[in-house]
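> Have a look at this one before I ask anything.
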Amino acid sequence: MEYWKEELFKTFLVKFPKYYEDSSADYFQSQNLPSKLNKKEQELLNNKINLAELVGCEKKLVLNELLKDKSKDNFTFYLIQTLELDCEVNAFDKTKKTVFIEIAGRYFEQETWISPYLISKLFERGYKIKEEDNQFVLELYKKIRKQNDLDKWATLRFATKLDDKNKFEIAQTHTRELFSILSFKMGKPVHFNFPNLIGVANNAISHYRESGDLILKSIDKFGLTGKINQLDRRKGTFKRKRLEYLENKPIQNKEFEEIAIELFPELK
């Protein structure tokens, strides 16, 4: 191991456990070390830090336990996203809770540091959605009280249905298209601050043209063609936008279309 690495390695072994004890800061010295190590050096580092002993639990339950302690949030976030550090993600705790359930619950409750990015990182670490995760998210629907709750619930539902890092990340880059389709499925605006569905339809056909065919298909498949036409009768804006789209249709995003159909099988 090169000298500079050895020095960083020594510093990391001192700073890492201290950061576990007090992770109030966003950063600790030498935290980028793992990404600079080769496979053999990473194995050595993982053996040296001994996460199970540090956290005081079984090795497989390290993340489960950390997520229960909000004072360790920065440490936990660092651990999840630093893929070079070994950490089991698929274990159940004694109450049958998964790591996904812990993250999903806190994300839904609007914890500021929890984001869909962490779910993506779980998938990257090899997480597989469990039946318990599906049931947990379905039960969360009963707790929806405001629009933001519904937005977050839908994101979690997308994650459990896709169960794949790449698919979930594609969905995350097309959330507005997905929320448009979800609006048509639910028969009311979801995510968008429009008074009714004509606003959602006009916005979608104007701005998500690479998914325009899917947008129009979703209006039809969810039985809203008549309602949209009725809402559009006075101004005719959607009729004009739809005609303009059909005459100047861009190449459609087939990659996203596959994801959307997986989430909404009615669109096959």
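> Return the residue satisfying two criteria in turn: it lies in the range 2-51 and is part of a loop (DSSP other than H, G, I, E, B) and of a type in the set (Gly, Ala, Ser), and of such residues it is surrounded by the most Cβ atoms within 10 Å (Cβ to Cβ).
Ser23
> Please pick out the residue among Thr11, Thr76 that is closer than 20 Å to Val99 by Cβ, in contact (Cβ under 8 Å) with a residue 12 or more places away in the chain and either in contact with a helix residue (DSSP H, G or I) (Cβ under 6 Å, 6 or more places away or on another chain) or in the same structural domain as Val99 (by TED's automatic domain parsing) (or both).
Of Thr11, Thr76, the one residue that is closer than 20 Å to Val99 by Cβ, in contact (Cβ under 8 Å) with a residue 12 or more places away in the chain and either in contact with a helix residue (DSSP H, G or I) (Cβ under 6 Å, 6 or more places away or on another chain) or in the same structural domain as Val99 (by TED's automatic domain parsing) (or both) is Thr76.
> From the list Lys167, Lys142, pick out the single residue that is in contact (Cβ under 8 Å) with a residue 60 or more places away in the chain, of a type outside the set (Phe, Trp, Tyr) and more than 23 Å from Arg240 (Cα to Cα).
Lys167
> Looking at (1) modelled with pLDDT of 95 or more; (2) surrounded by fewer than 17 Cβ atoms within 10 Å (Cβ to Cβ); (3) under 25 Å from the mean Cα position of the chain (by Cα); (4) assigned to a loop (DSSP other than H, G, I, E, B), find the lone condition where Glu111 falls short.
Every condition holds for Glu111 apart from (1).
> Turning to a different aspect of this structure: Give the residues of the range 121-152 that are assigned to a loop (DSSP other than H, G, I, E, B), buried (at least 17 other Cβ atoms within 10 Å of the Cβ) and among the β-branched types (Val, Ile, Thr), sorted by residue number.
Result: Ile129, single match.
> Taking only pairs six or more apart or across chains, which ones have beta-carbon atoms under 8 Å, a first residue in the range 207-226 that is in the same structural domain as Phe192 (by TED's automatic domain parsing) and in a helix (DSSP H, G or I), and a second residue that is among the acidic types (Asp, Glu) and buried (at least 19 other Cβ atoms within 10 Å of the Cβ)?
What qualifies is Ser211/Glu177; Leu214/Glu177; Ile215/Glu177.
> Another one. For the range 155-173, does any single residue satisfy the condition of being surrounded by 15 or more Cβ atoms within 10 Å (Cβ to Cβ), on the phi > 0 side of the Ramachandran plot and touching a helix residue (DSSP H, G or I) at 6+ places or on another chain (Cβ under 9 Å)?
Yes - at least one qualifying residue is present in the range 155-173.
> I need the full set of residues from the range 195-206 which are without any contact (Cβ under 8 Å) to a residue 24 or more places away in the chain and part of a helix (DSSP H, G or I), in order please.
Gly199, Val200, Asn203
> Return only the number of the condition from (1) part of a helix (DSSP H, G or I); (2) assigned by TED's automatic domain parsing to the domain that holds Ile261; (3) of a type outside the set (D, E, K, R) that Pro189 does not satisfy.
Looking at each condition in turn, Pro189 falls short on (1).
> Of the conditions (1) more than 27 Å from Lys221 (Cα to Cα); (2) assigned to a helix (DSSP H, G or I); (3) more than 10 Å from the chain's Cα centre (by Cα), Leu118 fails just one. Which one is it?
Single failed check for Leu118: (3).
> Here is a follow-up. In the range 154-171, what residues are in a helix (DSSP H, G or I), closer than 22 Å to Thr98 by Cα and not hydroxyl-bearing (Ser, Thr, Tyr)?
Ala154, Leu156, Arg157, Phe158, Ala159, Lys161, Leu162, Lys165, Asn166, Lys167, Phe168, Glu169
> I'd like to check something: does the range 65-78 contain any residue that is out of contact with any strand residue (DSSP E or B) (no Cβ under 7 Å at 6 or more places or on another chain), buried (at least 19 other Cβ atoms within 10 Å of the Cβ) and in a loop (DSSP other than H, G, I, E, B)?
Yes, the range 65-78 has at least one match.
The values are calculated or read from the model by the stated rules, or taken from the named source; none is laboratory data. Just so you know, these numbers come straight off a predicted model, no measurement behind them. Here the Cβ is made from the backbone with ideal geometry for all residues, glycine too, and neighbour counts use every protein chain on show.
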